[in-house]
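Working notes, beginning with the structure itself.
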Amino acid sequence: MQQSAPKTIPAPDARRCSEALLAVAPALMQSLRLGMRGGRGPELSVPQFRVLVHACLRPGATLRQLAEPLGVSTATTSRMVETLVLRGLLERSPGQADRRQVSITLTPAGQRMLDCAHAQARTQFEALLADLDQAALATLSTALDVLHKIFDTQRLPWAALNEHCEHDPEEHS
């Protein structure tokens with residue numbers, strides 16, 4: 001009987017890691033969409049959710065400042081902002097330094113909607129991660145720390161608690 005050679009796992013390198021990121025990104029975004037829509041509480045699209053997140057992170061941002069991290073034109077951002085203003089989730093006001101510039105901020109209703117959408121998405125991700133053992137969770141946490149550093153993002157403690165939500169996302173999981 002011939003023994004098979006032990007399988008070797010290829011050493012990680014930047015190319016393999018970048019391919020893995022590209023492969024997982026669509027599934028991650030789909031999971032985010034499902035998580036936000038799981039309880040059908042906040043009726044937000046993922047792009048609208050992203051606008052609210054960036055408005056939260058950059059209070060008083062201009063359309064251009066919101067459009068840049070979203071990777072869309074200022075015209076596209078303007079249409080999304082207009083929709084969110086009409087829904088009472090964002091407000092526009094003249095800029096303090098230049099009155100021709102418009103500052104965009106979250107309203108209290110916008111913050112509640114953002115918190116609820118975040119809580120629903122978090123619940124979805126928690127369900128996906130629930131079966132991982134402590135070693136896998138520690139590895140994932142370390143990898144996420146690296147991603148935060150690479151992409152220069154912060155791990156913000158989210159104020160989202162289920163009391164802001166009209167629908168408790170946990171009752172839908």
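The values are calculated or read from the model by the stated rules, or taken from the named source; none is laboratory data. Small disclaimer: the values here were computed from a predicted structure and weren't measured. Note that we place each Cβ from the backbone using ideal geometry, even for glycine, and neighbour counts take in every protein chain shown.
Tabulated values for the structure
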{"read-out": "Among (1) in a helix (DSSP H, G or I); (2) crowded, with 18+ Cβ neighbours inside 10 Å, the one test that A25 misses", "value": "(2)"}
{"read-out": "Filtered residues of segment 71-97 (kept if of a type in the set (D, E) and in contact with a Ser or Thr (Cβ under 9 Å, 6 or more places away or on another chain))", "value": "E91"}
{"read-out": "Residues of segment 104-135 classified as modelled with pLDDT of 85 or more and either hydrophobic (A, V, I, L, M, F, W, C) or surrounded by fewer than 18 Cβ atoms within 10 Å (Cβ to Cβ) (or both), total", "value": "20"}
{"read-out": "Residue in segment 65-104 that is nearest to C116 (Cα to Cα), counting only those that are part of a loop (DSSP other than H, G, I, E, B) and hydrophobic (A, V, I, L, M, F, W, C)", "value": "L89"}
{"read-out": "Any pair with Cβ under 9 angstrom, 6 or more apart, that starts in segment 88-114 at a residue that is among the basic types (K, R) and ends at one that is modelled with pLDDT under 90 and not in a loop (DSSP other than H, G, I, E, B)", "value": "R92/V102; R100/P94; R112/H164"}
{"read-out": "Output for segment 41-77, where each listed residue is crowded, with 18+ Cβ neighbours inside 10 Å, among the small types (G, A, S) and without any contact (Cβ under 8 Å) to a residue 60 or more places away in the chain", "value": "A55, A61, A67"}
{"read-out": "Qualifying residue in segment 78-93 (condition: touching a helix residue (DSSP H, G or I) at 6+ places or on another chain (Cβ under 6 Å), buried (at least 16 other Cβ atoms within 10 Å of the Cβ) and modelled with pLDDT under 90)", "value": "no"}
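Here is a yes/no grid of residues against (1) under 17 Å from the mean Cα position of the chain (by Cα); (2) closer than 23 Å to R122 by Cα:
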{"site": "V46", "(1), (2)": "yes, yes"}
{"site": "F49", "(1), (2)": "yes, yes"}
{"site": "L52", "(1), (2)": "yes, yes"}
{"site": "L57", "(1), (2)": "yes, yes"}
{"site": "E68", "(1), (2)": "yes, no"}
{"site": "S73", "(1), (2)": "no, no"}
{"site": "E82", "(1), (2)": "no, no"}
{"site": "V85", "(1), (2)": "no, no"}
